[in-house]
Amino acid sequence: MNYRRLGRSGLQVSELSLGSWVTYHNQVDEGAAREMMAAAFDAGVNFFDNAEAYAGGKSEEVMGAAIRALKWPRLNFVVSSKFFWGLDREGNAINRKDTLNRKYLLHAIDGSLKRFGLDFIDLVYCHRPDPNTPIEETVWAMSDMITRGKALYWGTSEWPADDIRAAWEIADRHHLHKPVTEQPQYHLFHRKRVEEEYARLYQDMGLGLTTWSPLASGLLTGKYKGGVPADSRGAMKGMAFLEKTLTDEAKNGAVGQLERVAAELGCQVSQLAIAWAAKNPHVSTVITGASRLSQLQSNLAAVDVIPKLTPEVLAKIDEITRPLAL
């Protein structure tokens, strides 16, 4: 496992990391989380990604319990959370959901700390942009979290480039803690934001990326070429919105071609896809997910594929996937 700086910050994160979206609490209980986090840590993973909204806060509780059981030294791991959606969404949920205002954010960090059972969270994100709150207010609130010792670094997730730049410039102007990272979706069929929209931010701001969904919610494993398997993520309750994408005929045809490229490299197509995302020099870490140990181990083996992605191999992958990419 290699380690990369998170943007221009001094924080170093493993090139592959482990996330908890969909899996923790829904598919993975505390015991399984502890087993997989221990295996990931032993393989060199030091970054574990989470969010307030995952499983309604239960994901943070599961991960927090696993961390306590594993008894790792606090300096040895990096944990994250994200804020925007809120947990209490029923009734008159003003200031409790879909916001990045100061009141919500400074309540949200306290809730996450309690669920994790931690004194501070290493990395906190604004989970989506909020058009109803001035960016300046959000920047001050996120910076204050760090000043108060409740977080160490902050960033954004799925923000437009113009909003990221505005947040950075506000922080720079007022000598506040700047956003150091963005967490966008990035995979072979979803790449324009990372490769085009954010292009100037890497040099201008030193923006680092912690990318998610390297397997396109499972499409890039090849398991959906014949439809949606009953035991897959696409068949889970609440995941029906993925079915159209997962069963896309053209994309599954491309996956079939990628399988031949992967076979030439002696790896699985899923490992090829993860390695491709990690090959981007602007990506600090690729967040992987797993519902069982064998899946985790297979994903982490992608570190051995990264050096095999020569310019010739990358060109071949590009020829297959770029025409279908957003």
inquiry  = So Ala65 passes all but one of these: (1) over 24 Å from Gly155 (Cβ atoms); (2) surrounded by fewer than 18 Cβ atoms within 10 Å (Cβ to Cβ); (3) in contact (Cβ under 8 Å) with a residue 24 or more places away in the chain. Which condition number does it fail?
reply    = (2)
message = Name the single residue that is nearest to the chain's Cα centre (by Cα) among those in the range 13-58 being among the hydroxyl-bearing types (Ser, Thr, Tyr) and part of a loop (DSSP other than H, G, I, E, B).
response = Ser20
note = Filtering the range 23-61 for residues that are open to solvent by 10 Å² or more (accessible area, probe 1.4 Å) and over 16 Å from Leu87 (Cα atoms) leaves a count of 15
ask   = Is there any pair linking a residue in the range 1-25 that is hydrophobic (A, V, I, L, M, F, W, C) to one that is open to solvent by 90 Å² or more (accessible area, probe 1.4 Å), with Cβ under 9 Å and at least six apart or on different chains, and which?
value = Leu6/Gln12; Leu11/Arg5; Val13/Tyr3; Val13/Arg5
inquiry  = Of the residues Asn280, Asn252, Asn299, only one is without any contact (Cβ under 8 Å) to a residue 40 or more places away in the chain and either more than 22 Å from Ala325 (Cβ to Cβ) or not aromatic (Phe, Trp, Tyr) (or both); which?
reply    = Asn252
task = Filter the range 271-312 for residues that are under 13 Å from Ser14 (Cβ atoms), surrounded by 22 or more Cβ atoms within 10 Å (Cβ to Cβ) and more than 16 Å from the chain's Cα centre (by Cα) and give the result.
result = Ala302
query = Are any residues in the range 5-22 open to solvent by 50 Å² or more (accessible area, probe 1.4 Å) and at pLDDT 95 or above, and if so, which ones?
reply = Arg5, Arg8, Gly10, Gln12
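The values are calculated or read from the model by the stated rules, or taken from the named source; none is laboratory data. Keep in mind it's a predicted model, so treat the numbers as computed, not measured. Positions of Cβ are backbone-derived with ideal geometry, glycine not excepted, and every protein chain shown enters the neighbour counts. These accessible areas exclude ligands, DNA and RNA; they are computed on the full protein's heavy atoms, side chains included. Shrake-Rupley method; radii C 1.70, N 1.55, O 1.52, S 1.80 Å.
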